[in-house]
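First comes the structure, then the notes that go with it.
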Ligand code: FES
């Protein structure tokens, strides 16, 4: 049998932390715009999932005069999903609906200064949730004749 002392050696715990750059770690540990908007403040809501990993993302927007006034998200995902969703909300907040619609996962990754190649798919969750929330906003505004401000 192997030396029991060798079996008790601590694994290298620094690895996963070094995997992400400082900006990504900062957004993962202090994610912006986390939470949800109350029903009265919600003009659009999106729920999306990534079937490959089972992660999920919920996102709420409030739209005023065609701009995203408030945005909030809850991620049931990995550090990459949380950091990229946090950055996505920062990019989208204050933007017009048309500008927000054009935000891509590449924009999010670039704003974070990069993300490991095999985690790039995580940046899609936030973008897809934003698109879903915008679609929901559009269907709500068409249902009530565009009465929302
Ligand atoms: S592994 Fe699923 S979103 Fe990152």
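Computed from the coordinates by the stated procedures, all read-outs in this text should not be read as laboratory data. As the structure is a computational prediction, the values presented were derived from the model and not from experiment. Neighbour counts run over all protein chains shown; Cβ positions are idealised from the backbone, glycine included.
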Item to check | For a label point 7 Å along the Cα-to-beta-carbon line of residue 30, residues of the range 74-104 with backbone N under 14 Å | outcome: 87
Next on the checklist: For 103, 71, 25, 134, which order do you get if you count the other beta carbons within 10 Å of each Cβ and list the fewest first?
Outcome noted: 25, 103, 134, 71
Checklist outcome for this item: When 93, 102 are arranged by how many other beta-carbons sit within 10 Å of their Cβ, fewest first, they go 102, 93
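Can you tell me the alpha carbon radius of gyration of the range 40-108 divided by the globular rule-of-thumb value 2.2 N^0.38 Å? Each step should come with its number before you reach the end.
Details: Rg = 12.1 Å, N = 69, 2.2 N^0.38 = 11.0 Å.
Here the Cα radius of gyration is 1.10 times the empirical estimate.
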Checklist outcome for this item: Over its alpha-carbon atoms, the range 22-140 yields an Rg and a Dmax in Å of 13.0, 39
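Counting other C-beta atoms within 10 Å, which of 122, 53 has the fewest, and how do the rest follow? Walk me through the numbers on the way to the answer.
Details: 122 27, 53 13.
Going from least to most buried by this count: 53, 122.
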